[in-house]
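Chemist: One structure, pasted below without further comment.
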Amino acid sequence: MRRKILVIVILLMFTLIFIIPGCTRVEQESISFADSATENFLTALNNQDYESYKKDLDSKMLEAVPEEEFIKFSSYLNSTIGEYVADSKEISGSTIQNGMIVVVYGADYTEETKKVTVTIVISEPVEGNYKISGSWFDSPKLRETEYK
């Protein structure tokens, strides 16, 4: 229950801080990376394909989400909100904060009647490469269930 409340609080903070109209523009290059990396990320979750999932993650995210946790989380998403509908994500906001690029999407899932909010945090490029540093999911059905 505490984890569920924490997720909701974090999502509310992101919404209030990062998705206010008039936020800083994110460079086209970082949005382009975020779009392709997020599509790969969400598709890999559908397919429980850890090799594809981890290709765009930074070292801290890789450490935080080992393969066993990935399988557990992807199973939770699939059983709670269904599968991500390919190419359905739409950017609803983006900003740069403390050297991190935050991109928020609305995405369709097969078992969720409303858009699922998918927040992806991208690290500034290191040696020319962007990486995913964090991710959060929010939807009515996810708020009703507890991730264990």
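Chemist: Looking only at the stretch 32-47, filter to residues that are among the aliphatic types (A, V, I, L, M) and either within 15 Å of Val85 (Cα to Cα) or touching a Lys or Arg at 6+ places or on another chain (Cβ under 9 Å) (or both); which one of those is surrounded by the most Cβ atoms within 10 Å (Cβ to Cβ)? Walk me through how you get there before you give the answer.
Modeler: So the first thing to find is which residues in the stretch 32-47 are among the aliphatic types (A, V, I, L, M), and the list is 34, 37, 42, 44-45.
Retained after the next criterion (residues that are either within 15 Å of Val85 (Cα to Cα) or touching a Lys or Arg at 6+ places or on another chain (Cβ under 9 Å) (or both)): 37, 42, 44-45.
On the way: Ala37: 19, Leu42: 27, Ala44: 20, Leu45: 24.
Only one residue fits best here, namely Leu42.
Chemist: Still on this structure, I have one more. Only residues that are surrounded by 20 or more Cβ atoms within 10 Å (Cβ to Cβ), in contact (Cβ under 8 Å) with a residue 24 or more places away in the chain and of a type in the set (Val, Ile, Thr): list them for the stretch 119-148, please.
Modeler: Answer for the stretch 119-148, where residues must be surrounded by 20 or more Cβ atoms within 10 Å (Cβ to Cβ), in contact (Cβ under 8 Å) with a residue 24 or more places away in the chain and of a type in the set (Val, Ile, Thr): Thr119, Ile120, Ile122, Ile132.
Chemist: Given Ile96, Ile81, Ile91, which one is β-branched (Val, Ile, Thr), out of contact with any Cys (no Cβ under 7 Å at 6 or more places or on another chain) and surrounded by fewer than 16 Cβ atoms within 10 Å (Cβ to Cβ)? Explain how you work it out, then say what you get.
Modeler: Values: Ile96 fails: surrounded by fewer than 16 Cβ atoms within 10 Å (Cβ to Cβ); Ile81 fails: surrounded by fewer than 16 Cβ atoms within 10 Å (Cβ to Cβ).
Within the list Ile96, Ile81, Ile91, the selection yields Ile91.
Chemist: Starting from residues that are free of Cβ contacts under 8 Å to residues at least 60 places away in the same chain and surrounded by 16 or more Cβ atoms within 10 Å (Cβ to Cβ), keep the ones in the stretch 107-118 and report whichever is nearest to the chain's Cα centre (by Cα).
Modeler: Initially, the stretch 107-118 is screened for residues free of Cβ contacts under 8 Å to residues at least 60 places away in the same chain, giving 108-116.
From what is left, the residues that are surrounded by 16 or more Cβ atoms within 10 Å (Cβ to Cβ) are 108-109, 112, 115-116.
On the way: Asp108: 13, Tyr109: 14, Glu112: 16, Lys115: 13, Val116: 10 Å.
Step by step, filter the stretch 107-118, then rank; the result is Val116.
Chemist: Here are Val65, Val103: which of them is touching a residue at least 24 places away in the same chain (Cβ under 8 Å), of a type in the set (A, V, I, L, M) and surrounded by 16 or more Cβ atoms within 10 Å (Cβ to Cβ)?
Modeler: Val103
Chemist: Within the stretch 48-61, is even one residue without any contact (Cβ under 8 Å) to a residue 24 or more places away in the chain, in contact with a Lys or Arg (Cβ under 7 Å, 6 or more places away or on another chain) and not in a helix (DSSP H, G or I)?
Modeler: no
One line per residue, one yes/no per condition, for (1) touching a Lys or Arg at 6+ places or on another chain (Cβ under 9 Å); (2) in a strand (DSSP E or B); (3) at pLDDT 95 or above; (4) of a type in the set (A, V, I, L, M):
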residue: Thr113; (1), (2), (3), (4): yes, no, no, no
residue: Ile120; (1), (2), (3), (4): no, yes, yes, yes
residue: Ser123; (1), (2), (3), (4): yes, yes, no, no
residue: Phe137; (1), (2), (3), (4): no, yes, yes, no
residue: Glu146; (1), (2), (3), (4): yes, no, no, no
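Chemist: Quick one: is Ser75 in contact with a strand residue (DSSP E or B) (Cβ under 7 Å, 6 or more places away or on another chain) and farther than 23 Å from Ser30 by Cα? Can you show your working first?
Modeler: Numbers: in contact with a strand residue (DSSP E or B) (Cβ under 7 Å, 6 or more places away or on another chain): no; farther than 23 Å from Ser30 by Cα: yes.
The answer is no for Ser75.
Chemist: Further question: Please work out which residue is modelled with the highest pLDDT, limiting yourself to the stretch 63-99 and to residues that are part of a strand (DSSP E or B) and more than 14 Å from the chain's Cα centre (by Cα).
Modeler: Looking at residues that are part of a strand (DSSP E or B) and more than 14 Å from the chain's Cα centre (by Cα), I get Thr95.
Chemist: With the condition kept exactly as written, say whether any residue in the stretch 85-100 is free of Cβ contacts under 8 Å to residues at least 40 places away in the same chain and of a type in the set (Val, Ile, Thr).
Modeler: yes
The values are calculated or read from the model by the stated rules, or taken from the named source; none is laboratory data. Being a predicted model, the structure only gives us computed values, none of them experimental. Glycine gets a Cβ as well: all are built from the backbone with ideal geometry, and neighbour counts include every protein chain shown.
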